Amino acid sequence: MASLPQPDPPWLEGLNPPQRAAATTFAGPLLLLAGAGTGKTRALTARLAHILATRAAWPSQILAVTFTNKAAREMRERLRAVFGDAIEGMPFLGTFHATAARMLRRHAGLVGLTAGFTILDPDDVERLLKRLIREAGLDDRRWPPKMLASLIDRFKNSGKLPKDLDAADTRAFADGRAGELYARYQAELGRLDACDFGDLLLHMLAIFRAHPDVKADWQARFRHILVDEFQDTNAAQYQWLRALAAPSEGGTATLCCVGDDDQSIYSWRGAEIGNMLSFERDFPGAQVIRLEQNYRSTGHILGAAGGVIARNRGRMGKTLWTEAHAGEPVAVIGVWDGPEEARLVGERIERLQREGAALADIAILVRAQFQTREFEDRFIQIGLPYRIVGGFRFYERAEVRDALAYLRATLSPADSLAFERIINAPRRGLGEKSLARLAAFARASGLSLQAAAAQLAETDELPGAARSGLRALVAGLRRWRELAPSLRPPALLDHVLDESGYRAMLETDRSVEAQGRLENLRELARAMEEWPDAESFLEHVALVMDNDRDDASEKVTLMTLHAAKGLEFGHVFLPGWEEGVFPSQRALDEGGEASLEEERRLAYVGITRARRRATILHAANRRIYGQWTSSIPSRFIAELPPAHVAAETTMTGGASLWRAAVMGEADPFAHVARAAGRGPGWSRASGQPQHARTVEGRVLASAVGGAPRTDIAIGARVFHQKFGSGTVTAKEGNKLEVAFDHAGAKMVLDSFVTTPSA
Ligand code: ATP
Ligand code: MG
């Protein structure tokens, strides 16, 4: 190990005085509380290095907790850069889960497990719960395993064992049976010699309670405990830290936590910002160090982020400054619709690339997973390498693959892989034996799986349930195949998902994940809108998947805001800043004001990921459920201090688009409607002649309130999403009476029709 060179060892080089204090003060508990990009993680890493270099502790006597495995790897690498391999083996550097698992292995016997216990992944957990729900005589469609899984996870995150549940807790599932099921689940895990993620901590807590000697051993072992992203610890994690380090519990380790209350974004997973407030109580004499100099971002980026987060009430409050130049104002760009958003971001990235930026230094951060799809499609088209972090690429997600498999099996009966994928999704009563028999029959007869299934379903070879399940599937596929040529691709998909029971399967599943899956399926339908037929769409997807194999490391990053915590990029794009998307409507519906503040913290996290340039985008129109609807710019855009922002728009009306939103005008898109009134020639602010993508050659007016349109006279031809083309026969305020060519006479709102642009 390197000895400590005087006066300025490399791991302390360049640190400012409070950072240096955080890295070198070992006297007592320490809380480093500071805003984004102030070098908290850097100071924490320097502290780790300083502990090792001064031999304040051996590597095995340090517990260092990071938020992700990736962060742990990075920390290891930084240490290796300083010490070489001398620090090989920091056994307790990792996430809460990873470090707790390592501890638990040593005492597994105390909770009835062997040292080789299995850690179940969420899929295993669900399968197990499903069985237990059935065994309890409950209907697992009415009481989905996923829902129970997330409930149990919540109990565990708050440190509750079955015996700790109160009446309200146990009422949360199957009319008061949550407690009983939770207890059975725990018993079953024991029998299986297994535990889930939450158990890793809970078991250790239980062991600490029941075996003071074990607790004392661990307390004596750790000289130093370091925790990054402390604001997002949950109750169980905090109890675990307390048990190891709090003097009231007998702890002697020196605890150092770093965090930022403004970046607490995991309350939905049980994170408790209150832990930051408890710190000074539980760790008496704690020193609080604040950092105020931001090293990451330009002045404008900091100013913009600071303006937004200042709107939150529940915060400790801090000001950041930077020596960096002001840089460029945060760009806020209004675009026409989602495809244009993706096109524009693609263009800007190519421009950055020409100017010498590395693709790896560019990120697109979205609020919800489904938002990546439009970018993926665009990037494939222009050959821009990208990677998706912390999630699957859109077309690789299980439900999307299932839906695609349905389409493939519909259009290509010989595609046995596709057929195999959907045969039991949803469940059709085909057990392993039936499936084996089917496969054997297909092999022997040289038929595709689907053709074999069609034949087998007409015989008595299979048990009744399997036979009728298979027969329904085969008949469905035949029907959809006949329908396919006459349906638009999204309509075909809807048919298939509805009639196969696939969508219903997700709808009865009330977990958060199922919501996301349904969202992804709707996004898939949107993706299909742009293709003339399902075949060409499938071909496109095949190409998308192919692109996966190209392994250029130089890639743009697409990820959620949640996954981006702690990271930084030179250039950050923040698309979809529209009410309902961001802030997310679902979050607001579920959590009201508290959720709004959490969404705002996400906005703060997003903007502060950028070192040099942040670009926020919002689209005036989004296709939702196959219908175009107008969107309202996110309230967070209105909260950006104008001094730090440059508004652009690719639409007529220039900056007034978002300013209208800022000023609270009734119809922030009034100018869009006005422009629509002028018919063709959507000119851009840049002076280019024609808007690249009017909606299928038409101009769509705003659906947001506003005055009656003056561009539509009696006798005008209009188009309506639902009723098709027709002729206006009467007008009354903003209502039109239209004789539709096929749907007959209807009264519609003028904002819901489009006029031919050419
Ligand atoms: P976040 O809140 O996003 O997790 P953070 O407070 O952990 O941010 P770091 O990631 O540690 O901040 O640092 C942000 C950037 O500033 C990094 O690029 C880091 O190398 C740089 N930095 C930190 N401290 C200094 C310093 N004293 N001098 C120069 N650069 C610094
Ligand atoms: Mg950090």
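Bear in mind that the values in this text are calculations on the coordinates, not laboratory data. Keep in mind that this is a model prediction, so the values were computed, not measured. Virtual Cβ from ideal backbone geometry, glycine too; neighbours counted across all protein chains shown.
Numbers at a glance
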read-out	value
In range of the label at E292: residues from the stretch 307-331 whose backbone nitrogen is under 11 Å from the point 7 Å along Cα→Cβ	318-322
Extended-chain gain in nm, criterion 0.36 nm per residue less alpha-carbon gap, E432 and S412	4.7 nm
For the stretch 227-278: rounded, prolate or oblate by the Cα gyration tensor [a/c cutoff 1.5]	prolate
Residues whose placed amide H lies under 5 Å from that of A620, excluding near-sequence neighbours	V335, W336, D337
Label point 7 Å beyond Cα of Q515 along Cβ direction - residues of the stretch 573-591 with amide nitrogen under 18 Å	578-591
Sorted peptide list for 8-14, 630-636, 405-411, criterion being average Cβ within 10 angstrom, highest first	405-411, 630-636, 8-14
The stretch 402-530: relative contact order as a whole-number percent, Cα under 8 Å and 6+ apart	23 percent
Bridge type composition, the chain - antiparallel percent by DSSP, nearest 5	35 percent
The chain: relative contact order in percent, alpha carbon pairs under 8 Å with at least 6 residues between	13 percent
Long-range Cα-Cα pairs in the stretch 125-261 (distance over 23 Å), rounded percent	43 percent
Stokes-Einstein D in µm²/s, Kirkwood radius over Cα pairs - the stretch 210-310 at 25 °C with 0.890 mPa s viscosity	160 µm²/s
FRET efficiency, 1/(1 + (r/R0)^6) with R0 41 Å, evaluated for S468 and L161 via beta carbons	0.40
For the stretch 118-192, average projected area of the Cα convex hull in nm²	4.6 nm²
Shape of the stretch 1-105, Cα gyration tensor, a/c cut at 1.5	oblate
Debye equation applied to the C-alpha atoms of the stretch 22-82, log10 I(q)/I(0) at 0.29 Å⁻¹	-1.51
Tail weight of P(r) past 21 Å, computed on alpha-carbon pairs of the stretch 355-509, percent	54 percent
A398 paired with T727, simple spin-label distance in nm, labels 7 Å along Cα-to-beta-carbon	5.5 nm
Neighbour-count ranking [beta-carbon atoms within 10 angstrom, fewest first] of L487, L538, L277	L277, L487, L538
Neighbour-count ranking [beta-carbon atoms within 10 angstrom, fewest first] of I301, I273, I382	I382, I273, I301
Rg and Dmax of the chain, Cα atoms only, in Å	29.1, 90
Bins of 10 Å from zero: percent of alpha-carbon pairs in the stretch 549-610	19, 45, 25, 9, 2
